[in-house]
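Asker: Attaching a single structure in structure tokens format; questions to follow.
The values are calculated or read from the model by the stated rules, or taken from the named source; none is laboratory data. Because the structure is a prediction, the values reported are computed rather than measured. Reconstructed Cβ throughout: ideal geometry from the backbone, glycine too, with neighbour counts over all protein chains shown.
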Amino acid sequence: MYTIAVHGGAGTILKSSMTPEKETAYTHGLKSALLGGEKILASGGSALDAVCESVKILEDNPLFNAGKGSVFTHTGTHEMDASVMDGSTLAAGAIAGVSGVKNPVLLARLVMEKTEHVLLSGKGAEELAHLHKIEFRNNDYFFDEFRQQQWLSVKNTEGTMLDHTSDKKFGTVGAVALDKHGNIAAATSTGGMTNKMYNRIGDTPIIGAGTYASNETCAVSCTGHGEFFIRSVVAYDVACLMAYRGLSLEEACREVVNNKLVKTGGEGGLIAVDCKGNISLVFNSEGMYRGMLREGELPQIDIYK
């Protein structure tokens, strides 16, 4: 049996402020990512291949704050972060603060498979991408009118902004999967915060904070206010609760998101799978763009609480 789940960010996502057209577009985007990953799983492919494909599809969709839809930094550029982890080996790769890379998740996987390192940043990560012929795009590719208006509204301040101006949304995309061989994997990608300064980096590229996967416990991809997820080591904490306290996947996810994070003021959510085929989609915000699919079943897509 295989399973897969995806997310496209969490936050103050209310049906009252969503147009039918935009809701349809988000739903279609999540479904496309699910089906892209499922196609690989159905043919006997690996969970790692599936999560990378799903995240790649979300990165190519300008609705989501990753890849093509990445938000603007304080200087009007784009700095992207991503990570992947293979639960069967605990191998992991991540990149932070890269510009021009069409699909950051593929570069994160390259770090995992072609270097002895886990996390590369900035120009060094871009140098590796050029060396291995990873696809780049110019600034025009990443330009989006809505993202620019977000940035212009705060560019002359020192404040950062989450993914929406009126609707607080933590823009990150991610996927977790279990394949037919019993292996699990996770991948996460983001454009970060609008108007971010000083090369700020959130939880997405930090293994154990925004992404984690181990066949012994679970695969997790997070979305939320990154600083809180880093401090709480959210993704790994879910795995630890399963390993050391014997909690189920759902119990562990709810303990971390609805108890530990809430106590520290952290807002957001996560998606997770385990090797038994269980899926958990937990968030403490008003909504989370999310979807899940089990072998033999139709995709389930949700946005609101």
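Asker: Please specify each residue of segment 250-305 satisfying the condition of being in contact with a Gly (Cβ under 8 Å, 6 or more places away or on another chain) and exposed (fewer than 15 other Cβ atoms within 10 Å of the Cβ).
Answerer: Result: ASP302, TYR304, LYS305.
Asker: Return a yes/no flag: does segment 287-295 have any residue that is charged (D, E, K, R) and more than 22 Å from ASP203 (Cβ to Cβ). Even if it seems obvious, please write down each step before you answer.
Answerer: Here is the first cut: in segment 287-295, the ones charged (D, E, K, R) are 290, 294-295.
Those still in the list that are more than 22 Å from ASP203 (Cβ to Cβ) too: 294-295.
Yes, segment 287-295 contains a residue that is charged (D, E, K, R) and more than 22 Å from ASP203 (Cβ to Cβ).
Asker: Please go through segment 102-142 and pick out each residue that is free of Cβ contacts under 8 Å to residues at least 24 places away in the same chain, in a loop (DSSP other than H, G, I, E, B) and either touching a Phe, Trp or Tyr at 6+ places or on another chain (Cβ under 9 Å) or acidic (Asp, Glu) (or both).
Answerer: Result: GLU116, single match.
Asker: Oh, and also: Might you check whether a residue that is modelled with pLDDT under 80, surrounded by 18 or more Cβ atoms within 10 Å (Cβ to Cβ), among the charged types (D, E, K, R) and not in a loop (DSSP other than H, G, I, E, B) occurs anywhere in segment 156-167?
Answerer: Restricting attention to segment 156-167, the residues satisfying the condition of being modelled with pLDDT under 80 are 156-167.
So of that shortlist, the ones also surrounded by 18 or more Cβ atoms within 10 Å (Cβ to Cβ) come out as 161-164.
Within this subset, residues satisfying the condition of being among the charged types (D, E, K, R) are 163.
Cutting the leftovers down to not in a loop (DSSP other than H, G, I, E, B) gives us none.
For segment 156-167, residues modelled with pLDDT under 80, surrounded by 18 or more Cβ atoms within 10 Å (Cβ to Cβ), among the charged types (D, E, K, R) and not in a loop (DSSP other than H, G, I, E, B): absent.
Asker: Here are ALA125, ALA129, ALA96, ALA82: which of them is buried (at least 21 other Cβ atoms within 10 Å of the Cβ), in contact with a Pro (Cβ under 7 Å, 6 or more places away or on another chain) and farther than 16 Å from LEU48 by Cβ?
Answerer: Values: ALA125 fails: in contact with a Pro (Cβ under 7 Å, 6 or more places away or on another chain); ALA129 fails: in contact with a Pro (Cβ under 7 Å, 6 or more places away or on another chain); ALA82 fails: farther than 16 Å from LEU48 by Cβ.
Just a single option satisfies the conditions, and that option is ALA96.
Asker: Taking LEU298 as the residue in question, decide whether it is aliphatic (A, V, I, L, M), touching a residue at least 24 places away in the same chain (Cβ under 8 Å) and closer than 26 Å to MET18 by Cα. Step through it out loud before you land on a result.
Answerer: Working: aliphatic (A, V, I, L, M): yes; touching a residue at least 24 places away in the same chain (Cβ under 8 Å): no; closer than 26 Å to MET18 by Cα: yes.
No, not satisfied.
Asker: Same structure again: Return the residues of segment 19-37 that are of a type in the set (A, V, I, L, M) and crowded, with 16+ Cβ neighbours inside 10 Å; say none if nothing qualifies.
Answerer: The answer is LEU30, ALA33, LEU34, LEU35.
Asker: Output yes when any residue across segment 211-231 is crowded, with 20+ Cβ neighbours inside 10 Å and either touching a Pro at 6+ places or on another chain (Cβ under 7 Å) or free of Cβ contacts under 8 Å to residues at least 24 places away in the same chain (or both), and no when none is.
Answerer: No, segment 211-231 contains no residue that is crowded, with 20+ Cβ neighbours inside 10 Å and either touching a Pro at 6+ places or on another chain (Cβ under 7 Å) or free of Cβ contacts under 8 Å to residues at least 24 places away in the same chain (or both).
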